[in-house]
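Here is the structure we will look at.
Values in this text are rule-based calculations from the coordinates and carry no lab data. Since this is a predicted model, take the numbers as computed values, not measurements. Glycine gets a Cβ as well: all are built from the backbone with ideal geometry, and neighbour counts include every protein chain shown.
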Amino acid sequence: MEQETRIAVIGIIIEDRDSVEEVNRLLHEYGEFIIGRMGLPYGKKRVNIISVVVDAPMNKISALSGKMGRLPGVSTKALYSNN
């Protein structure tokens, strides 16, 4: 039985460059759910900003966002569609 999916945008701000490799590894691990990704390096503030659009079961979205948010110097927030 196929799980119901939701569309979500996960916002990611990376302040610790040492965490970039692990963020990319996690995004690759969840790649089957990713619709699109936009990354912006912001040198003035020394951060990287990534927005990832996913279509996935709620538990997968929460797991990805949570795993990244536990990395040093990484903040995440997920915004879910209503349907």
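Between residue 29 and residue 75, 0.36 nm times their residue separation minus their Cα-Cα distance comes to what?
14.7 nm
Computed about its Cα centre, the charge dipole of the chain is approximately 400 debye, with only Lys, Arg, Asp and Glu carrying charge at their Cβ. Partner lysines whose Cα lies under 20 Å from the Cα of residue 77, excluding those fewer than 8 positions away in the same chain, are identified as 45, 60, 67.
So how much slack lies between residue 59 and residue 44, counting 0.36 nm per residue of separation and subtracting their Cα-Cα distance, in nm?
Between residue 59 and residue 44, full extension yields an extra 1.9 nm.
Which one, (1) 1.19; (2) 0.98; (3) 1.03, gives Rg/Rh (Cα atoms, Kirkwood Rh) as derived from the coordinates shown? Computing Rg/Rh (Cα atoms, Kirkwood Rh) and matching it to (1) 1.19; (2) 0.98; (3) 1.03 gives (2). Here the spin labels are modelled as points 7 Å beyond Cα on the Cα-Cβ line, and at residue 7 and residue 83 they lie 0.9 nm apart. Close amide H pairs (under 5 Å, H built 1.01 Å from N) link residue 47 with 42, residues at least 5 positions away or on another chain.
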